[in-house]
There are 2 protein chains.
Amino acid sequence: MNKNFEHSELRAIQYGCGKMGKLILRYLYEKGVTIVGAIDSNPSLIGQDIADLIGLEQKLGITISGNPEEVFAKQPADICIVAIGSLMTEMYPLLTIPLKYGVNTITTCEEAFFPWTTSPEFSKRLDSLAKDNYCTLTASGYQDVFWGNLITVLAGASHKIIAIEGQASYNIEDYGIALAKIHGVGLPSAEFAAKISQANILPTYMWNSNEWLAARLGLTVKNINQKITPVIAEQPTASRLLNRTIAAGECLGMTATIDLETNEGPIIQAKSTGKIYGPADQDTNNWTIKGQPDINVTITQPATVELTCATIVNRIPEIMVANPGFLTTHNWPSPSYRGRILPSYLPTK
Amino acid sequence: MNKNFEHSELRAIQYGCGKMGKLILRYLYEKGVTIVGAIDSNPSLIGQDIADLIGLEQKLGITISGNPEEVFAKQPADICIVAIGSLMTEMYPLLTIPLKYGVNTITTCEEAFFPWTTSPEFSKRLDSLAKDNYCTLTASGYQDVFWGNLITVLAGASHKIIAIEGQASYNIEDYGIALAKIHGVGLPSAEFAAKISQANILPTYMWNSNEWLAARLGLTVKNINQKITPVIAEQPTASRLLNRTIAAGECLGMTATIDLETNEGPIIQAKSTGKIYGPADQDTNNWTIKGQPDINVTITQPATVELTCATIVNRIPEIMVANPGFLTTHNWPSPSYRGRILPSYLPTK
């Protein structure tokens, strides 16, 4: 029923109202999307009107619920935005909920950006569930543009690609405790070392993103390796997130280095560092396409959080017209700037 | 007949074998395109085998002709690449030749990148001619990616665009005498000033490119202004192209500043400087999307000539499947990296 646009607005449910979700809610609101539901498990958020969350004077009459099943059962919606966690193991059960109710879903979950190798079973099940309920699941965020389409657009001006090299960093302070844990923040360096082999099993953002990039370029993966190394504090570094100072010798975070070989020749080597920033640190995003000719791109001080949320919202119209199933964006056009997001021009599924 | 791909190769005619054409020929050859003809008006090139031009040991049996009509009349081809001049007034008669023979054509002509406002009459006539002969004309080059798709891809991660600001420079030494003339290279500064009002009538690369950018973003032009200012040599600067040293006080080239207002709100302001470089100068390409959030991109030392030629060649498969007529790339996908360019997967028109 919610596919027929018998209503005049695009109706969204925000699932996850933390740092990201809050900003997504504001962007949705400002682009003309009607927010019909909001969900979070944080007791301090439950019951709040979303107008308070996004800084509007007038209440919107939509309060944050702690019960996702109830929200979806009661409220038809066209799109659900899930901004909670980074890994498929954690996100799988949560993603099944909107899909079960036939609601198109886009998530910030970084592994879901291209999870076919790292979580094939969960991916297959989500794909079936989406198809059974005639809706679409996809994932997007910062990496969709800055580790993905930005590179493929520049590749379109290359005669011959030998290697693609990337380097990016993000501040764990900007995200949450869940992310800090995966990155080993605050561990004594000896303890991180002991856990490296275990951490190596988990895909890092760059892993999934580099597989996406290869697929987008029509390249097939021959071999992919991930190496995780700790970033050790050289001097005491205050963390708001941990509410303590990380001592010299403790972990600030980690660097993941991906080496991807393709059957076609070009290699992809990318390094992402997630850590608690010191006062002089900034987000970075630098890529080089080595070949004929070399192409070097730098994004200066990317506003990673805002760019993630804006990209997610700009992707919505494409999900609305996509085929049912779990689809990754590697064979979609790159996200478009959209002044408004209105359903009038969207066909029904 | 040349649309039916009854042959197993993609057959190209290179029209213009100067600095750009020579590199395009090599890229075509290395990507598996069969070169069936080459044309140039320069007497020192006529009669040369293109193998010599691109540095192959074995002759290819294709010599440069000074007679375009003869080449097209004799030799069926699937695509013609025209790399000669920058302005429609100059290029119009030349572009009619391949079109008359029903050969798909792509040109480096910068005005042709989006000529609908600056040369509406010529554009309309070329469109009719292409349609009458069931073939496609388009233009591409460096600006297709670096002043165009690069910006629109980043815009896809923006919540709100207030302004797009660009700054680019190129070395006139890399191009030719024709370009040097348009840029006032070597003129005494007083003489350039006298000619500014006249030069203002001619569209600069950035003008057409900014109109393309607005169209690509779905914005409509309310007002566009171009200001041309000379770049005066502060010290003597040697020019290989002019075969003399430009004295202090003479013009090294010019800066064109475009101010484009849209009916939808966002403005585009871009500045391109074309001049004879001193030893410390490098090509630059910097863009800022001002809005929520700001996005800053820098391409470090872009290899403008190589990137132009590679983009042109990578665009070929899209022309082969495009509708007949004069089409600009603003509503095509961005150019794709292509390891090979083979006709096997291209449908006929």
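Nothing in this text is a laboratory measurement; each read-out follows from the coordinates by a stated rule. Since the structure is predicted, the reported quantities are computational estimates derived from the model, not experimental observations. Cβ: placed from backbone, ideal geometry, glycine included. Neighbour counts: every protein chain shown.
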Residue A:264: net charge of surrounding residues, Cβ under 12 Å, Lys/Arg +1, Asp/Glu -1, itself excluded?
+3
Considering only the label points, 7 Å along Cα→Cβ from Cα, what distances in nm to one decimal separate residue B:56 from the same position in each other copy, shortest first?
6.5
In debye, nearest 20, what is the charge dipole magnitude of the stretch B:143-302 about its Cα centre with +1 on Lys and Arg Cβ and -1 on Asp and Glu Cβ, if you could check?
160
Sorted by average packing, counted as other Cβ atoms within 10 angstrom per residue and highest first, what order do B:140-153, A:235-248 take?
B:140-153, A:235-248
Compute the label zone of residue A:125 within the stretch A:44-88: residues whose backbone N is under 16 Å from the point 7 Å along Cα-to-Cβ.
A:87-88
Mean separation of Cα contacts under 8 Å, 6 or more apart, over the residue count of the stretch B:143-302: relative contact order %
36
Which of the peptides B:287-293, B:204-210 is most tightly packed, and how do the rest follow, judged by the mean count of other Cβ atoms within 10 Å per residue?
B:204-210, B:287-293
Within 10 Å of each Cβ in A:331-342, how many Cβ atoms from other chains are there, averaged over the peptide?
5
Describe numerically, in nm with one decimal, the distance between label points set 7 Å from Cα along Cα→Cβ at residue B:235 and at residue B:69.
5.4
For A:111, A:318, order by how many other beta-carbon atoms lie within 10 Å, fewest first
A:318, A:111
Relative contact order of chain B, defined on C-alpha pairs under 8 angstrom at six or more residues apart (%):
21
If unit charges are put on Cβ atoms (+1 for Lys and Arg, -1 for Asp and Glu) and the dipole of the protein assembly as shown is taken about its Cα centre, the option from A:159, A:71, B:118 lying farthest towards the positive end turns out to be A:71
Inter-chain shielding of A:285-292 (mean C-beta neighbours from other protein chains, 10 Å cut-off)
2
Placing each pseudo-label 7 Å from Cα in the direction of the beta carbon, residue B:163 and residue B:301 end up separated by a distance in nanometres of 3.1
Kirkwood Rh and Cα-based Rg: tell me the resulting Rg over Rh for the protein assembly as shown, rounded to two decimals.
1.00
Rounded, prolate or oblate: pick one for chain B, where a ≥ b ≥ c are the square roots of the eigenvalues of its C-alpha gyration tensor, a/c under 1.5 means rounded, and failing that, prolate if a/b is larger than b/c, else oblate.
oblate
Return one number: the angle in degrees, 0 to 90 and rounded to the nearest 10, between the long axis of the Cα atoms of helix A:189-199 and the longest principal axis of the Cα atoms of chain A.
60
Contour minus Cα-Cα distance for residue B:263 and residue B:244 (0.36 nm per residue)
2.1 nm
If packing is taken as the average number of other Cβ atoms within 10 Å across a peptide's residues, how do B:26-37, A:20-31, B:184-195 rank, most packed first?
A:20-31, B:26-37, B:184-195
What is the distance in Å between the Cα centres of the stretch B:224-273 and the stretch A:289-349?
35
Taking a label point 7 Å out from Cα toward Cβ, give me the nm distances from residue B:43 to the same spot in the other copies, shortest first, one decimal.
9.4
Tell me the distances, shortest first, between residue A:243 and the same position across the other copies, using label points 7 Å along Cα→Cβ, in nm to one decimal.
7.9
Mind sorting A:81, B:319 by how few other Cβ atoms lie within 10 Å of their own Cβ, fewest first?
B:319, A:81
At a 10 Å Cβ-Cβ cut-off, how would you order A:183, B:330, fewest neighbours first?
B:330, A:183
Decide, for the stretch B:98-200, between rounded, prolate and oblate: order the square roots of the alpha carbon gyration tensor eigenvalues as a ≥ b ≥ c, take rounded if a/c falls under 1.5, and otherwise choose prolate if a/b is larger than b/c, else oblate.
oblate
Pairwise Lys count, the stretch B:143-302 - Cα closer than 24 Å, eight or more residues apart or different chains
16
Strictly greater than 23 Å: what percent of every Cα pair in the stretch B:223-349 meets that?
57
Per residue and in Å³, how big is the convex hull formed by the alpha-carbon atoms of the stretch A:159-292?
106
